[in-house]
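Enquirer: Quick one: structure below, then a few questions.
The values are calculated or read from the model by the stated rules, or taken from the named source; none is laboratory data. For clarity, every value in this text was computed on a predicted model and none was experimentally measured. Counting neighbours? That spans all protein chains shown, and the Cβs are built from the backbone with ideal geometry, glycine included. The protein model used for the area step is the full one, side chains on, heavy atoms only, and it has no ligands, DNA or RNA in it. Shrake-Rupley method; radii C 1.70, N 1.55, O 1.52, S 1.80 Å.
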Amino acid sequence: MVTALPGLWAWPLVLSLVFVGAVMLWLRAVERTDLEAQRAEMITDALSLEAQISGRLDAETSRLKILADGMGQQTISPQSFAGEAMVLDGLRRFWVNVTWLDQVGRIVATAPLDDTLRRDVVKSSGDDGGLAGHLMVPVLDRAGQVKGSVIARYSAASVLRQKVPWWLASKYDIRLVDVAGDVIASTVDTQRTSRQAWYRVSLGVTMPNAWLELTARTVIVPWWRTLPVALMGGFVALVLLTSVMLRRQMQSVSRAEVAWRTEAAWRQAMEDSLAIGIRARDLDGRLVYVNKAMADMVGYTPDELVGILPPMPYWLPDELEQTMSRHRRNMAGQAPREGYESRWRHRDGTVVDVMVYEAPLVDASGQHIGWMASIVNITERKQLEERERKQLETMAHHARLTMLGEVASTLAHELNQPLSVIISYNTGLLNALQREAPVNETLLKPLQRMGEQAAHAGRIVKRIREFLTRHEPELEACDLTRIVGDAMALLQRELAKQGVEWGVQLDPGLPKVQADAVLLEQVLINLIRNSVDAMAHQAGPRRIHIQGGQSPQSGFVKVVVADSGPGLNGQTIDQLCAPFYSTKSDGMGMGLAICRSIIELHYGVLDVEDSPLGGAAFAFSLPVAEES
């Protein structure tokens, strides 16, 4: 399981803040764009309205000039001035009054003449006070000389109301202000607020001291006071609350995960410390879990075993059918409750004896999903039982051999006297034959040979008796060539009878060894007879080869007895020399064990290896005798 990062709970909050920040930047940009668009549109509308007003005043100036031309050509007299159609028409539009001045500035005529008419003019023009504008045109005579001027005073408020289109008045509050900012005329009675956007443009020469001001009625709300910002604030608050709850939840999950991991580590440690194997199988027999002890029993890793279907790699090939039948029985729920024994194969090929206890595997909902088994390795117990059985057999055999040793010791003691008598009679007979003349050579040589053999038999009986009574061997410098020759002389007829070809190859100048010649001869005779017995039922050639020479180990001589028999069949020297172990039906299993004991008493080593002749080659090494 992958552990979550410590600050992972804050990621939704961080991403939400980034999103809200982006939205706010977008709202700020939209606000700026709207303000710029509103200002650009306001400037355009202000310039357009200023142009319309200036055009209207220019048109009024033109009409006033026509009136001045009539006055200069004397078609209009001061008495008829107030009743002229152009004057009355101007007063009906937005002129407040019209004054005719002479060239020195004296009033020649004025209109309207009385207060009643003046009030009607003001009422019709809409003049409600405020700054008034003046249009002045010179009066020229026919010669082009200035004879005076005509001045038309008009109401700025009237001009403003008459020239502002309805669509423009619906968008803006339009005012005329002076240089001090005081309102001269306005389309509304309210004052401009600080939140409203406005723009001023000068009216130029038409009204030098007046400014045209447009104030937008549509107020662009600041981005931070818009509904999206409020929604974003609520969204951030909800995300913050969610993040806090998520953090608490993750902390709770993290604590639960730590507790679970601790518990899992404890469980794993306990399972690893168990000497009992545990395995779980589903209803198809597939391995779904094995612990370390189970995997170690068969030499595999848990990962190599999980997911495998029968036949399992640790089943014995020669018992596959029997094991599969037992597996089907267990899958059917018929496994013995007291358990059953089985034999498995370790990965290295060794056989493992196990005791298996099967039980149903049930999940949390109570459904049967497979089988759980506990496996106990009983290999050591079986080996211990086998060793105890063999030990009992060995003790019984040892008791028999002890009794046999006592019989042999008694027999050796009893044979010693007859052999002594035989040697005495043989010596007397030889002395008698040698005193006679002529000497009968036909009898003399067999009697001499019989005496030698009787003396040799006496020495053998003496050595056996000393060996059985645990006396140390008589070590002396012995000639291996003579010992090998004596042994082959004793066995020559037996080898010929068995049809065994034999040969001896001893290195010239072979040094003498420190040994008991009689016991060493018995070792050679025992090894040769074992080879003969091994080849007794062999149809092919039967050959024995004895080789002696310097050992690779300095200070030792090595003798090898090789044969062409059936070979070792995987057996080692420890197995072959085990007490009471024999490959012969009538063997006692002590020959090689005694030979090994004798060689080790001489500080040598007995070993076995494959023979170049195809059979076994027993080799022993003996220390070289010290020069005296």
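Enquirer: Take the alpha carbon atoms of segment 33-76, find their center, do the same for segment 301-375, and report the distance between the two centers in whole angstrom.
Expert: When both Cα centres are located, 110 Å separates them.
Enquirer: Shifting gears a bit: Whole-Hz ³J(HN,Hα) for each residue in segment 176-190, computed from phi via Karplus 6.51 cos²θ - 1.76 cosθ + 1.60 with θ = phi - 60°, x for glycine and proline: what do you get?
Expert: Once θ is set to phi - 60°, the couplings for segment 176-190 become 10, 10, 8, 5, 8, x, 6, 6, 8, 8, 8, 8, 9, 9, 7 Hz.
Enquirer: A further question follows. State the extension gain, in nm to one decimal, for the chain segment bounded by Glu441 and Arg529, taking 0.36 nm per residue of separation less the distance between their alpha-carbons. Don't jump to the answer; show the numbers that get you there.
Expert: On the way: separation 88, 0.36 × 88 = 31.68 nm, distance 3.44 nm.
Difference between extended and current length: 28.2 nm.
Enquirer: Return one number: the angle in degrees, 0 to 90 and rounded to the nearest 10, between the long axis of the Cα atoms of helix 227-273 and the longest principal axis of the Cα atoms of the chain.
Expert: So the inclination is approximately 10 degrees.
Enquirer: Within a Cβ distance under 12 Å of Pro566, other residues only, what is the Lys/Arg minus Asp/Glu net charge?
Expert: Once positives and negatives cancel, what remains is -2.
Enquirer: Moving on. By average Cβ neighbour count within 10 Å, what is the ranking of 423-429, 144-150, 441-447 from highest down? Can you show the working numbers first?
Expert: Numbers: 423-429: 14.1, 144-150: 16.3, 441-447: 11.1.
Averaged packing, sorted descending, gives the order 144-150, 423-429, 441-447.
Enquirer: In the chain, what percent of the accessible surface is made up of carbon and sulfur (1.4 Å probe, ligands and nucleic acids excluded)?
Expert: Carbon and sulfur atoms account for 57 percent of the accessible area of the chain.
Enquirer: Of Gly366, Tyr289, Leu305, whose Cα points farthest to the positive end of the dipole of segment 280-374 (charges on the beta-carbon: +1 Lys, Arg; -1 Asp, Glu; origin at the Cα centre)?
Expert: Gly366
Enquirer: Ok, one more. Per residue, how large is the accessible surface of the chain? Use a 1.4 angstrom probe and give square angstrom.
Expert: It amounts to 59 Å² per residue over the chain.
Enquirer: If you don't mind, there's one more thing I want to ask. To the nearest 10 Å², what's Phe19's accessible area with a 1.4 Å probe?
Expert: 110 Å²
Enquirer: Let me ask you something else. Work out the length of the dipole vector of the chain about its Cα centre, built from +1 on the beta-carbon of each Lys and Arg and -1 on the beta-carbon of each Asp and Glu, and round it to the nearest 20 debye. List each step's numbers first, then the result.
Expert: Working: 64 positive and 72 negative charges, 579 e Å.
Rounded to the nearest 20 debye, it is 2780 debye.
Enquirer: Rank these by accessible area, largest first, 1.4 Å probe: Glu257, Glu436.
Expert: Heavy-atom accessible area, descending, gives Glu436, Glu257.
Enquirer: How many percent of Cα pairs in segment 130-267 exceed 23 Å?
Expert: Numbers: 6065 of 9453 pairs.
It works out to 64 percent of all Cα pairs.
Enquirer: Mind grabbing the accessible area of Trp211 for me, 1.4 Å probe, Å², rounded to tens?
Expert: Its heavy atoms expose roughly 90 Å² to the probe.
Enquirer: Between Val288 and Arg329, 0.36 nm times their residue separation minus their Cα-Cα distance comes to what?
Expert: Gain on stretching Val288 to Arg329: 12.8 nm.
Enquirer: Using a 1.4 angstrom probe on the protein heavy atoms only, line up Glu521, Glu263 by accessible area, largest first.
Expert: Glu263, Glu521
Enquirer: On to the next question. Taking the dipole about the Cα centre of the chain, with the C-beta of Lys and Arg at +1 and of Asp and Glu at -1, give me whichever of Asn431, Asn209, Gly21 is farthest to the positive side.
Expert: Of the options given, the answer is Asn209.
Enquirer: Where the eigenvalues come from the Cα gyration tensor of segment 232-318, what are the semi-axes √(5λ) of the equivalent ellipsoid, largest first, in whole Å?
Expert: 47, 17, 8
Enquirer: Given H placed 1.01 Å from N in the peptide plane, which residues other than close sequence neighbours of Arg217 have an amide H under 5 Å from its amide H?
Expert: Long-range HN contacts for Arg217: Tyr172, Asp173.
Enquirer: Reported to two decimal places, what Rg/Rh ratio describes segment 151-231 when computed on Cα atoms with Rh from the Kirkwood expression?
Expert: Ratio of gyration radius to Kirkwood radius for segment 151-231: 1.10.
Enquirer: Shifting gears a bit: Would you rank Lys497, Lys382 by solvent-accessible area, highest first, keeping every protein chain in place and using a 1.4 Å probe?
Expert: On the way: Lys497 175, Lys382 70 Å².
Solvent-accessible surface, decreasing: Lys497, Lys382.
Enquirer: Rg (Å, one decimal) plus Dmax (Å, integer) for the alpha carbons of segment 325-380?
Expert: 13.3, 42
Enquirer: Here is a further query. Mind ordering 58-65, 345-352 by average Cβ neighbours within 10 Å, highest first? Please report the intermediate quantities before stating the final value.
Expert: Working: 58-65: 15.2, 345-352: 12.5.
Result, highest mean first: 58-65, 345-352.
Enquirer: Also, I was wondering about something else. Taking only the Cα atoms of the chain, how large is their convex hull per residue, in Å³?
Expert: 420 Å³
Enquirer: Convert 10 °C to kelvin, take the viscosity as 1.306 mPa s, use the Kirkwood radius over C-alpha pairs of segment 45-119 as Rh, and evaluate the Stokes-Einstein diffusion coefficient in µm²/s, rounded to a whole number.
Expert: It comes out at roughly 117 µm²/s.
Enquirer: Can you give the calculated 222 nm mean residue ellipticity of the chain, where each DSSP H run of n ≥ 4 adds -39,500 (n - 2.57) and the sum is split over every residue, rounded to the nearest 500 deg cm²/dmol? It would help to have the intermediate numbers written out before the result.
Expert: Working: 15 runs with 302 residues, N = 628.
The helix contribution divided over the chain gives -16500 deg cm²/dmol.
Enquirer: For the chain, what number of Lys pairs, 8 or more residues apart or on separate chains, have alpha-carbon atoms under 30 Å from each other?
Expert: 20
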